[in-house]
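Remarks on the structure that follows.
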Amino acid sequence: NNDFKSTCTLPMSDLLAEYGEQDVHWKTNKPEKTAADDNSNTPFKSRLAPLSDLLAEYGEQDVDWRKQQQQQEQNEVSCSSNSKQTASTKQNNKNDDNGMLAPFGKAPIHLEIMSFGYKYNAPKNSKGFSYAHPLPPIDIRDLTRAPGHVSKFNGLSYLVKRSLLNPSRASSSNDDDNDGGDDSGNTPPTQSPMRQRTNAIADEIIKVLVEAIDEGEHSAINPLTMTISVGSEYGRHRAVVLVEHLAVVLRARLRRNDGKSFTDSSGSCSTSNNGIVKQPVSVGTRHRDVEAHHKDEEAFGEDLKRQERAAEKAKRREAIELN
């Protein structure tokens, strides 16, 4: 250990001489400093050049930048005459930014719309006496059932949605084997019963949301999960389609957030006012019984198929008798 310490205290020249690596002429062979080396050793801030010189060095200099700046100033002066239009545009942008729709998990109030089937009992805690469950279960069993030729699909299929939301178009497209969606072609002159019921329910939900925010004081400090239950017989077709369409309508209403009720098919807005939603709201859907193990034939429209086949046979008999 003493030898190691004594070795560590030796000068570098003695250590190099001990290992045969000493260069006695290293000072004479040392390269001389040049002006470029002096510039490279200077601090960075002292070597800062003007931006124009740097651009010229890299070949990016624009000698006409002052002319372009003057031209831009002249354009701004000429645009000052349209200040009124600019103000109206800004006002419209403010109105567009008034939306209160937020993604799931980012809003203090979450609206969950659930479909269910009365065949499997109504959901619990849905009596409609609290802000979490403000409305009793909405019964839509009075609406027309899905046709038999699409009953094998559930309400998430576009075929079922088209047959219930646009029955006139679906019936006309069956003969032509046209698979166009809801947004293609001309809209029917009047709304289907499914759309009318959806718009009426949306008005009720907006009123309940405004009441929960204004009177119930629900916000980021006091979050709320509101559940709306919509039920059909088996919760497989009508309730699923209405819940999905209701979510679309509510999201559009929250984006607009102008307090007006739904827009009818003619494009004229109703004059009724449901209030302005003042807190961000997210909208989600859940289908409780859409994938349930249905054992009844009615869940798959077998009774409707038999009725359709019987009607076709009756028509053929009448045609044969007439001939």
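Below are the figures for this structure:
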| item | result |
| --- | --- |
| Residue satisfying all of: in the range 275-298; among the hydrophobic types (A, V, I, L, M, F, W, C) and open to solvent by 20 Å² or more (accessible area, probe 1.4 Å); modelled with the lowest pLDDT among these | Ala292 |
| 1 or more residues modelled with pLDDT of 80 or more and of a type in the set (Asp, Glu): qualifying helices (runs of 4 or more DSSP H) within the range 81-186 | none |
| Pairs, first touching a residue at least 12 places away in the same chain (Cβ under 8 Å) in the range 240-256, second small (Gly, Ala, Ser) and open to solvent by 10 Å² or more (accessible area, probe 1.4 Å), C-beta under 8 Å, six or more apart | Ala247/Gly284; Leu254/Gly99; Arg255/Gly99; Arg256/Gly99 |
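The values are calculated or read from the model by the stated rules, or taken from the named source; none is laboratory data. Fair warning: this is a prediction, and the values are worked out from it, not measured in the lab. Because the Cβ atoms are built from the backbone with ideal geometry, glycine has one as well, and the counts that use them run over all protein chains shown. Note: areas computed on protein heavy atoms with side chains; ligands, DNA, RNA excluded. Shrake-Rupley method; radii C 1.70, N 1.55, O 1.52, S 1.80 Å.
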